Structure formats: structure tokens, C-alpha cells
Amino acid sequence: MSKLYIIGIGPGSKEYITLKAQKIADSSEVLVGSKRALDLFPENEGEKLELDAQNMEKILKLSISYVSSGKSVALLSTGDPGFSGVLRPISKLKDDIELEVIPGISSIQLCAAKLQIPWDYADLVTLHGKGITTDIMGLLENGKPTIILPNFKVNEIARFLMDKGVDSGREVAICEKLSYPDERIVKIALEDVLKEEFSYMCVMVIF
Ligand SMILES: C[S@@+](CC[C@H](N)C(=O)[O-])C[C@H]1O[C@@H](n2cnc3c(N)ncnc32)[C@H](O)[C@@H]1O
């Protein structure tokens with residue numbers, strides 16, 4: 001049976017790509033992924049299919065059809081494919097092809113490492129594709145750090161939490177563009193998140 005490789009490529013810097021991920025990507029005839037994922041493999045001269053939020057289903061179906069026709073295809077997922085990555089959408093579409101998942105270092109893991117948080121003692125939450133709801137409130141008083149993959153902007157989360165009565169002086173950390181040259185990690189009060197501009201590429205921790 002034909003196989004599609006789902007490869008976690010880490011948070012963004014080449015240094016965090018595993019040898020296994022590199023090896024499979026190098027030997028694939030077709031690479032599929034976001035622009036920032038594809039840019040990590042310039043030496044692969046095969047076909048590249050760029051994935052974005054708008055063309056996701058179309059490109060995933062095309063990737064599956066390539067696998068069915070015998071091509072070797074690697075689907076690149078930033079971070080780890082199993083945490084707000086492509087594993088969920090591709091599992092729904094995969095039809096009769098086999099999948100093999102190669103794990104990668106998630107932005108959540110790198111965030112925990114940078115802040116020296118043992119993440120077996122943290123709550124991991126993704127708001128990606130869901131938006132923020134009051135579900136998160138129940139976690140904030142259990143004494144553990146809450147590590148959040150935001151839906152879009154961390155400013156919106158800070159505003160939401162303060163509107164729901166969370167102390168504006170509560171300590172949070174924002175880990176932005178992890179592993180890139182312009183990585184920024186700040187520990188600030190919740191209210192100060194509103195005073196700064198952060199990109200969409202952030203992990204937020206509420207202590
Ligand atoms: C579609 S999710 C993919 C998460 C990915 N599967 C993972 O395990 O890191 C994309 C979100 O992950 C976070 N993210 C991914 N890479 C990041 C990085 N290098 N630094 C900070 N946040 C990152 C951002 O919140 C971004 O909006």
C-alpha cells in the first residue's frame with residue numbers, strides 16, 4: 001500500500017529538524033507544506049505544493065492522489081504534526097493510503113524548554129481553529145502553568161481574560177518566533193500584553 005509521510009519539522013530553525021525528518025524530506029519526490037516549511041528544504045529539487053489555510057483540503061487531496069499514483073510524498077507540518085498540525089485533517093481525508101508520522105519538536109515543547117517548565121506539570125491548550133472560550137478559565141486556578149497555542153493574537157487572549165476577571169497583574173510569558181533569529185521571550189504582567197505588538201507566531205504561558 002502507498003504511504004504518505006507526515007513529517008514534523010520543528011519550530012522553524014533548521015537546527016531543530018530531526019535527522020529522520022531531513023532524510024525523508026530529502027528523498028521525497030513531492031514536498032507539501034506551508035511556505036515557511038518548504039523554505040527549510042531548498043536543496044530538494046522535486047515538486048513543491050504550497051499549503052495555506054484557504055487551499056488546505058484541495059492540496060491535501062492532491063497529495064493523497066499523488067501517493068496513490070506511486071509518488072513519494074512528504075507532508076511537512078511545522079512543530080509536531082499531532083499538536084494543532086496536519087495530522088487531524090489528513091487523517092480524515094486519507095482514503096486507502098497508509099500514513100507514517102515522524103514526530104517533530106513542537107513550539108509548545110520549545111517554549112517549555114526556554115522557560116524551564118517541566119511540561120508534564122503544565123496544562124497544554126490549543127485555541128487554534130477554535131477561538132477562545134471560557135473553558136480555559138477552569139485551568140487557571142489549579143496551580144500549574146497553562147501553555148497556550150493562541151488562535152490568532154495573544155492580545156485578544158489577554159483582553160478576554162481580563163474581561164472575565166483574571167488579575168491584570170498575573171504573570172504571563174510570551175514566546176515569539178521561537179528558534180528564529182528574531183526570537184523574543186518576555187515575562188510580563190497580563191495587562192502589559194496589550195501594550196505591545198506581537199506577531200501571530202507566539203506561544204503564551206499563564207503562570
Ligand atoms: C497551526 S499551529 C501549528 C503548531 C505546530 N504543530 C506545533 O507543534 O508547534 C501554528 C501556531 O503554532 C505556534 N507556533 C508555531 N511555530 C512557532 C514558533 N516558532 N514560535 C512561536 N510560536 C509558534 C503559533 O501560535 C502559530 O500560530
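Within the group LEU127, LEU139, LEU93, which residue is among the hydrophobic types (A, V, I, L, M, F, W, C), within 12 Å of the ligand (Cβ to nearest atom) and modelled with pLDDT under 95?
The match here is LEU127.
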Listed by first then second residue, the pairs whose first member lies in the stretch 75-95 and is under 24 Å from ILE147 (Cα atoms) and touching a residue at least 40 places away in the same chain (Cβ under 8 Å), whose partner is surrounded by fewer than 20 Cβ atoms within 10 Å (Cβ to Cβ) and among the small types (Gly, Ala, Ser), with beta carbons under 7 Å and at least 6 positions apart or on separate chains, are THR78/SER34
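Considering only the stretch 1-23, how many residues are surrounded by fewer than 19 Cβ atoms within 10 Å (Cβ to Cβ) and of a type in the set (A, V, I, L, M, F, W, C)? Give the steps one after another, and end with the answer.
Step one: filter the stretch 1-23 for residues surrounded by fewer than 19 Cβ atoms within 10 Å (Cβ to Cβ), giving 1-3, 13-15, 18-20, 22-23.
Okay, now just the ones that are also of a type in the set (A, V, I, L, M, F, W, C), so 1, 19.
Residues that pass the stated criteria total 2.
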Can you name every residue in the stretch 161-182 that is buried (at least 16 other Cβ atoms within 10 Å of the Cβ) and within 16 Å of the ligand (Cβ to nearest atom)?
VAL172, ALA173, ILE174, CYS175, GLU176, LYS177, LEU178, SER179
Quick check: anything in the stretch 13-27 in contact with a strand residue (DSSP E or B) (Cβ under 6 Å, 6 or more places away or on another chain), assigned to a loop (DSSP other than H, G, I, E, B) and away from the ligand (no atom under 16 Å from the Cβ)?
no
Just to check your reading of the model, which residue among SER13, SER65 is touching a Ser or Thr at 6+ places or on another chain (Cβ under 6 Å) and small (Gly, Ala, Ser)?
SER13
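The values are calculated or read from the model by the stated rules, or taken from the named source; none is laboratory data. Computed from a predicted model, the values in this text were never measured in an experiment. Counting neighbours? That spans all protein chains shown, and the Cβs are built from the backbone with ideal geometry, glycine included.
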